[in-house]
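Data block below; observations after.
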Amino acid sequence: MRRELPSIGPMERALHLRALPLFSEMRSSDLAACAQLLEEVRFRRQAVLYGPGEGVPSIYLLVEGQVQNRRGERLVWAHNAPDIAGLVELLASYPHIPRGVAATRVLALALDSAALLDLIEDHFPIYLETRRALGAELAHLQQMTADYHRPMCAKGWGVRRNRPLDPAERLLLLQRLPIFHCVGLGVLVALLRDDAEVRFAPGERLWQQGDEADWLAIVIAGSLVCQREGQPEFRIEAGDAAGIEAVFTGMPHRYGATAESQLTALRIDTYLLVDLAEDNFDLAQCTLAHVAREILRLRETAAGDWSARRQT
């Protein structure tokens, strides 16, 4: 990486930020806070910006050039200016990220990773914009791969007795779900209202594709059959959750969900999750991390599909 005399002035930096989806709807005051933290950097071709072992020291707003994400020699994803490289890898908090390599000479505006996380924690609108931008990318990848749900089963969740769960059992179910592993007990208690346990008869619809994502369902007993127009059905069973990606990103439901059998579930309301995320950064981070990991997974899937098509 080479540092030279800055050639991108303060106003241009703000304009580069505004041109990116993550910052396109950000308030001017928050945009200015971000722009002040940017550092102009240049990379030679084949320079490694981030990856396993290196971590993600900064995210890079590409002004010129291309950064490729690679597994060994296999191309997974490419970021072409104007785009952000390293954001998803940082938020995923996942050690096995692909390497980010400069495929050409690169001019970028770097934002230190710790500074970005501080901005997200201190400026809730930045969290909401990050959530929205990740949601748009995830929706695009889901459509590319026709993959709308990855099982997230709570380990050890077996057949339950035919009675409502007591508060301790509800908490145990939440704690066993990977999406809430990093969230404190007090936040989990606050997520569960007194009327959180809900029931649906066979054939009763929870939501339709395209509905506003008001809540997610953590299945206690029974199963859901999920449909998306033009795609095969899939099932969500006990110990798993339906509607996670929609609620975590603020996007409409990407598939319809109908009770396949007598269904009992825990209801987590979107407004409650967002309200709690404003005051509990661990919860905010866990929602972003889940979506970022899904994006990384689907990028790999999309790359594999593309490679297979090239070879046929």
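Of the set (1) in contact (Cβ under 8 Å) with a residue 60 or more places away in the chain; (2) within 18 Å of the chain's Cα centre (by Cα), all apply to L174 but (2). Of all residues in segment 249-276, those that are of a type in the set (K, R) have Cβ atoms under 6 Å from Cβ atoms of residues that are assigned to a loop (DSSP other than H, G, I, E, B), 6 or more apart or on another chain, in R254/Y148; R267/A196. The criterion of being within 30 Å of I84 (Cβ to Cβ), assigned by TED's automatic domain parsing to the domain that holds G86 and of a type in the set (V, I, T) does not hold for V183.
Could you identify the single residue in V41, V48 that is farther than 23 Å from G9 by Cβ and either of a type outside the set (A, V, I, L, M, F, W, C) or in contact with a strand residue (DSSP E or B) (Cβ under 9 Å, 6 or more places away or on another chain) (or both)?
On the way: V41 fails: farther than 23 Å from G9 by Cβ.
Exactly one of V41, V48 is farther than 23 Å from G9 by Cβ and either of a type outside the set (A, V, I, L, M, F, W, C) or in contact with a strand residue (DSSP E or B) (Cβ under 9 Å, 6 or more places away or on another chain) (or both), namely V48.
Mind checking whether some residue in segment 175-187 is within 22 Å of T270 (Cβ to Cβ), outside any loop (DSSP other than H, G, I, E, B), polar (S, T, N, Q) and at pLDDT below 90? Yes: one or more hits.
Can you confirm whether Y271 is within 21 Å of L134 (Cα to Cα), surrounded by fewer than 20 Cβ atoms within 10 Å (Cβ to Cβ) and of a type in the set (S, T, Y)? Yes; evaluated as a whole, the condition is true for this residue. Listed here are the helices (runs of 4 or more DSSP H) enclosed by segment 10-112 that have at least 2 residues being without any contact (Cβ under 8 Å) to a residue 12 or more places away in the chain: 10-18, 28-35. So which of T301, T249 ends up being at pLDDT below 95, among the polar types (S, T, N, Q) and within 20 Å of L90 (Cβ to Cβ)? Just one listed residue meets the conditions, T249. Could you look through segment 24-45, keep only residues that are surrounded by fewer than 18 Cβ atoms within 10 Å (Cβ to Cβ) and small (G, A, S), and pick out the one that is nearest to T104 (Cα to Cα)? Checking each candidate, the answer is S24. Residue-level check: of (1) in contact with a Cys (Cβ under 8 Å, 6 or more places away or on another chain); (2) surrounded by fewer than 21 Cβ atoms within 10 Å (Cβ to Cβ), I236 misses just (2). For A303, the criteria (1) among the aliphatic types (A, V, I, L, M); (2) surrounded by fewer than 22 Cβ atoms within 10 Å (Cβ to Cβ); (3) out of contact with any helix residue (DSSP H, G or I) (no Cβ under 9 Å at 6 or more places or on another chain); (4) within 27 Å of L172 (Cβ to Cβ) hold in every case but one, which is (4).
The values are calculated or read from the model by the stated rules, or taken from the named source; none is laboratory data. Since the structure is predicted, the reported quantities are computational estimates derived from the model, not experimental observations. Because the Cβ atoms are built from the backbone with ideal geometry, glycine has one as well, and the counts that use them run over all protein chains shown.
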